[in-house]
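Right, one structure below, let's go through it.
Values in this text are rule-based calculations from the coordinates and carry no lab data. Predicted model only: the values in this text are computed from it and were never measured. Neighbour counts are summed over all protein chains in view; Cβ atoms, including those assigned to glycine, are modelled from backbone coordinates with ideal geometry.
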Amino acid sequence: MQPELTAELSTIGQRSSFRRTWAYVWKQRTLYLMLLLPLAWYAIFRYLPLYGLVIAFKDFNPLDGILGSPWADPWYKHFRTFFSSPVFGQLLANTIIISTLKIIFGTVPPLVLALLLNECRAAWFRRIIQTLSYMPHFLSWVIIYGILLALLSQTSGLINRWIVEAGGRPIPFLTSPSYFRQIVVLSDVWQNLGWGAIIYLAAISGIDPTLYDAGRVDGAGRLALIRHVTLPGVRNVFILLLLLRIGYILDAGFEQIYILYNPQVYRVADILDTWVFRTGLEQQNYSLAAAVGLFKSLIGMAMVLMANRLAKRWEGSIW
């Protein structure tokens, strides 16, 4: 009788737990309904396309479809094509260098701007600076390229005009391998500076105000409060954003570089995505494009796992 009684009590407990869970879900039904749209977006655009990764192991033909296309022989055929490409090392190096520079120079400036805005006591001035700083985030790279062209063009750019008027020679900023990476990184920082600051401002607003009051009572000034209260309060957000950016280490910004680069700077500007677009999609080699995409995803996942393990030492990991 003891096993039967135990099983019956377990069943009753499960039913009771299910009822409590359902009652809680029904009480918060509005919030769960709001989640349906983002969950549907992730399901359609993130998880459903995972089925297409099988293309990387097939000789894909659009007319035959994924199921009708024959399997590649050998199965790693397209990976071998990619890894044996004479420009593979250069592509990988360019991608990692540009991504790393964006992470280094694009992570700290938004935090600094958020700290400055948080310390600004003139509300009207803070609103103006915040608005002007995050407006570039809504500009497409085509528009930003037009702005860069107006400033940096060798023949008619504003900066080169100043250089010529000062007695110097015009500099080919946009077509010189010596300047291209700097322009890519600085334009990316400029576009995302204000938008990133919004995240840190939200984190700062969540810090307990009593911590600041306690610091002032102890005689702490603004710099001391920033060091001992604000920065520890946003540390987890900083680490989280850094981990997310590390996961996209092989995404150096296809749209930006595709619009800004030209054959004269291929040596320092050609990245994995632009090469795949030229050799994979323009030549309709979809299997090669899928193989490179899978390679990038696996590297990104490995980088996130490694960075997350390291971040656990500072109690800022994602999981």
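Couple of notes before you dig in:
- Centre-to-centre separation between the Cα atoms of the stretch 185-215 and those of the stretch 252-304: 32 Å.
- For the chain, with +1 on Lys and Arg beta carbons and -1 on Asp and Glu, the positive-most of T210, I98, V276 along the dipole: T210
- For the peptides 36-49, 252-265, the ranking by packing is 252-265, 36-49, with the highest mean count of neighbouring Cβ atoms within 10 Å listed first.
- Theoretical ellipticity at 222 nm over the chain - DSSP helices of four or more residues, -39500 (n - 2.57) apiece, nearest 500: -21500 deg cm²/dmol
- Among the helices of the chain, those built from whole DSSP H runs whose Cα atoms reach 30 Å or more along their own axis and whose mean Kyte-Doolittle hydropathy is at least 0.0 are 88-119, 177-205, 286-311.
- Cα-based Lys proximity count in the chain, under 27 Å, for pairs eight or more positions apart or on separate chains: 6
- Cα-based convex hull volume of the stretch 27-120 per residue, rounded to whole Å³: 198 Å³
- Over the C-alpha trace of the stretch 65-172, radius of gyration and Dmax come out as 23.3, 67 angstrom.
- With all projection directions averaged, the alpha carbon convex hull of the chain covers 28.6 nm².
- Packing-based exposure ordering (other Cβ within 10 Å, fewest first) of I97, I143: I143, I97
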